[in-house]
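The values are calculated or read from the model by the stated rules, or taken from the named source; none is laboratory data. All figures in this text were calculated on a predicted structure; none of them were measured in a lab. Note that we place each Cβ from the backbone using ideal geometry, even for glycine, and neighbour counts take in every protein chain shown.
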């Protein structure tokens, strides 16, 4: 199983985390969290993640992600959230795993340096501009977090993230400071957008110490799902209605509090 971690978060002894690849067992898509998988394969995938952290499947907390700024605080071990529409998770409970699904969007895992408080965010452009990062940090602080660290995992990077002029104008209207994360792409009369860089800026503005793993999903599809790459491949084959894609999981837990 491919283990991708942040040295910054690894320095916090009471947590465990991992940015999983598209497959937790092999490169066989039948073991990946993809759109065509059977319920049995999905159970196998989630059980593999639970086993990686020495947990039960019921200890994994996932959301019905909708590209929002909504954040759920897990304050009971038995709390179910897989049907809740939200894009951020926060808890101070040990032994449960906060899980985020992504396939180009930015997965961010959070942990307080001194207290047993963790968070996870699914930050697509809508969530990033809508405030999901700020809301995760706010909920962590509500639980007592003081010195927050975070890691940005595999996501689409600016060299592969083309956006049109209307997107550029919408972003500037939402936050004029986003201008520095757009790069003119004269060949196609559009822009390339650094979503991870924008998220990094927001985190630093919130005084969060950040580790960006700088891994691109689009150019590493043997290891990671990329929705945009899947769409481009389907269009190139003239079969845009047959887009095969999936999601990898990023996860963090409180293991033991010293």
Among (1) at pLDDT 95 or above; (2) assigned to a loop (DSSP other than H, G, I, E, B); (3) out of contact with any strand residue (DSSP E or B) (no Cβ under 9 Å at 6 or more places or on another chain); (4) more than 27 Å from residue 249 (Cβ to Cβ) - the single one residue 173 does not satisfy: (2)
Count - residues of region 93-107 that are under 19 Å from residue 140 (Cα atoms), in contact with a helix residue (DSSP H, G or I) (Cβ under 9 Å, 6 or more places away or on another chain) and outside any strand (DSSP E or B): 2
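Yes or no, residue by residue, for (1) out of contact with any strand residue (DSSP E or B) (no Cβ under 9 Å at 6 or more places or on another chain); (2) exposed (fewer than 15 other Cβ atoms within 10 Å of the Cβ); (3) within 22 Å of residue 130 (Cβ to Cβ):
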site: 194; (1), (2), (3): no, no, yes
site: 199; (1), (2), (3): no, no, yes
site: 208; (1), (2), (3): no, no, yes
site: 222; (1), (2), (3): yes, yes, no
site: 234; (1), (2), (3): yes, no, no
site: 237; (1), (2), (3): yes, yes, no
Those residues of region 108-124 which are more than 19 Å from residue 253 (Cβ to Cβ) and touching a helix residue (DSSP H, G or I) at 6+ places or on another chain (Cβ under 6 Å), in sequence order: 123
When residues of region 153-177 are limited to those that are out of contact with any helix residue (DSSP H, G or I) (no Cβ under 9 Å at 6 or more places or on another chain) and touching a residue at least 12 places away in the same chain (Cβ under 8 Å), the one farthest from residue 100 (Cα to Cα): 165
Condition met for residue 128 (within 17 Å of residue 100 (Cα to Cα), assigned to a strand (DSSP E or B) and in contact (Cβ under 8 Å) with a residue 60 or more places away in the chain): no
Evaluation of residue 150 against (1) farther than 20 Å from residue 88 by Cα; (2) in contact with a strand residue (DSSP E or B) (Cβ under 9 Å, 6 or more places away or on another chain) (one fails), failing number: (1)
Filter result for the condition that a residue is touching a helix residue (DSSP H, G or I) at 6+ places or on another chain (Cβ under 7 Å) and part of a helix (DSSP H, G or I), over 218, 198, 191: 198
Residue identified as touching a residue at least 24 places away in the same chain (Cβ under 8 Å), crowded, with 17+ Cβ neighbours inside 10 Å and part of a loop (DSSP other than H, G, I, E, B) among 150, 145: 145
Residue in region 64-78 that is at pLDDT 95 or above, touching a strand residue (DSSP E or B) at 6+ places or on another chain (Cβ under 6 Å) and within 21 Å of residue 244 (Cβ to Cβ) present: yes
Qualifying residue in region 40-49 (condition: loosely packed, with under 13 Cβ neighbours inside 10 Å, touching a strand residue (DSSP E or B) at 6+ places or on another chain (Cβ under 8 Å) and either at pLDDT 95 or above or under 19 Å from residue 98 (Cα atoms) (or both)): no
Residue, surrounded by the most Cβ atoms within 10 Å (Cβ to Cβ), within region 178-188, restricted to residues that are part of a strand (DSSP E or B) and touching a residue at least 12 places away in the same chain (Cβ under 8 Å): 182
